[in-house]
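Heads up: the structure comes next, in structure tokens.
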Amino acid sequence: MRQRGSQKWWWMSPGWYRPDGDRGLRTQIFGLEGRVTVRSVYRRVPLCMLGIALGLLLMGAVAGVHPQDGAHADIRISITDQEVVFSVIMNLAFIDEVCETPREDPGALDPVEEPGVRDALENFYRTQNRVSIDGVDVSPTFGEFEVSRPGTELLPLFPITGMRGLIRVRQVVHYSAKSSPKQVSMVWGGYPPDMLAEIEPGQPRPPLALQGQLSAEGVVTMIDFTQAEPEYTWHASGLTADERLHGGPGSADGDERETVRSGGAGSSGARCADHGRSRSA
């Protein structure tokens with residue numbers, strides 16, 4: 001999800017969406033704005049046909065700008081009894097803003113250059129990010145490192161960053177816990193300029209606001225990291241797994257828990273749980 005002007009829009013290929021009324025969505029697809037309602041989708045147009053139509057619109061669009069042009073990061077965090085795990089996908093445009101990664105061709109990443117990028121990212125996590133578990137700072141250890149090099153089919157939709165916006169790097173970072181965490185504080189340290197923000201001529205671009213997906217105790221929550229508020233603190237519920245399943249101690253019927261099915265930063269699910277969250281400046 002990105003802030004566009006004074007309103008929040010969600011990206012679902014191939015367009016932007018925001019709530020509009022009780023049961024509708026306002027859409028923007030490459031500059032064309034319209035409204036989609038539950039009635040129009042389910043009573044007038046079969047959902048599969050709507051998907052086909054939107055796909056054809058994407059194929060026929062020219063000179064559009066993909067919402068992930070510019071620096072982009074997909075942040076997934078999981079908290080278990082044993083550890084905190086970050087699985088982060090960054091494009092080269094994001095990496096170039098937060099790390100020193102000299103390359104022969106700035107618009108490419110040769111396989112022989114991957115170790116240098118990996119070292120730079122590991123240094124970023126050690127020095128710019130911070131995770132503390134129950135008040136104790138924890139040093140990261142590093143797992144999977146993968147580079148995705150897509151084709152050039154979507155290159156026309158990335159006029160700002162070109163292939164640097166398309167080439168993506170996935171890094172898994174582990175923070176071990178000595179016991180089941182009761183409180184986890186996480187600080188994100190890198191905020192590239194938002195190249196898609198709407199600004200007045202001559203004004204500096206604002207730092208990119210990042211959204212992450214946090215999974216803990218069976219609940220998925222969308223969280224935010226911003227330059228103004230770079231820290232997020234999670235608190236355990238204090239319930240056992242069985243108590244969480246049935247809504248808490250002494251609950252006969254149980255409480256329905258809200259969860260989110262969503263992508264990472266840059267997209268949002270329908271509902272977010274408020275369980276176990278706080279914000280630190």
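Read the figures in this text as sums done on the coordinates, not as results from a lab. Keep in mind it's a predicted model, so treat the numbers as computed, not measured. Every residue, glycine among them, receives a Cβ derived from its backbone with ideal geometry; neighbour counts consider all protein chains shown.
Given points 7 Å out from each Cα along the Cα-Cβ axis, report the H246 to I199 separation in nanometres with one decimal.
A separation of 5.6 nm, rounded to one decimal place.
Efficiency by 1/(1 + (r/R0)^6): what FRET value for T233 and Q128, r their Cβ-Cβ distance, R0 = 22 Å, to the nearest 0.05?
Numbers: r = 18 Å, r/R0 = 0.83.
The calculated FRET efficiency here is 0.75.
Using θ = phi - 60° and the Karplus relation 6.51 cos²θ - 1.76 cosθ + 1.60, list the HN-Hα couplings for region 144-156 in order, rounded to whole Hz, with x at every Gly or Pro.
Each residue's phi maps through the Karplus curve to give 4, 9, 9, 10, 10, 10, x, x, 9, 4, 8, 4, x Hz.
Kindly rank 142-151, 174-183, 196-205, 111-120 from highest to lowest mean number of other beta carbons found within 10 Å of each residue. All intermediate terms of the calculation are to be shown ahead of the outcome.
Numbers: 142-151: 11.6, 174-183: 15.2, 196-205: 9.5, 111-120: 13.7.
Per-residue mean Cβ counts within 10 Å order the peptides as 174-183, 111-120, 142-151, 196-205.
In which sequence would T152, T141 go, from the one with the fewest C-beta neighbours within 10 Å to the one with the most? Present the calculation step by step, with values, prior to reporting the outcome.
Numbers: T152 10, T141 13.
The most exposed by this proxy come first: T152, T141.
Arranged from highest to lowest average of other beta-carbon atoms within 10 Å per residue, in what order do the peptides 162-169, 90-97, 128-135 appear? List each step's numbers first, then the result.
Numbers: 162-169: 21.2, 90-97: 23.4, 128-135: 17.1.
In decreasing order of mean packing, 162-169, 90-97, 128-135 become 90-97, 162-169, 128-135.
In nm, what is the difference between 0.36 nm times the number of residues separating T152 and D110 and their Cα-Cα distance?
Separation in residues times 0.36 nm, less the Cα-Cα distance, equals 13.5 nm.
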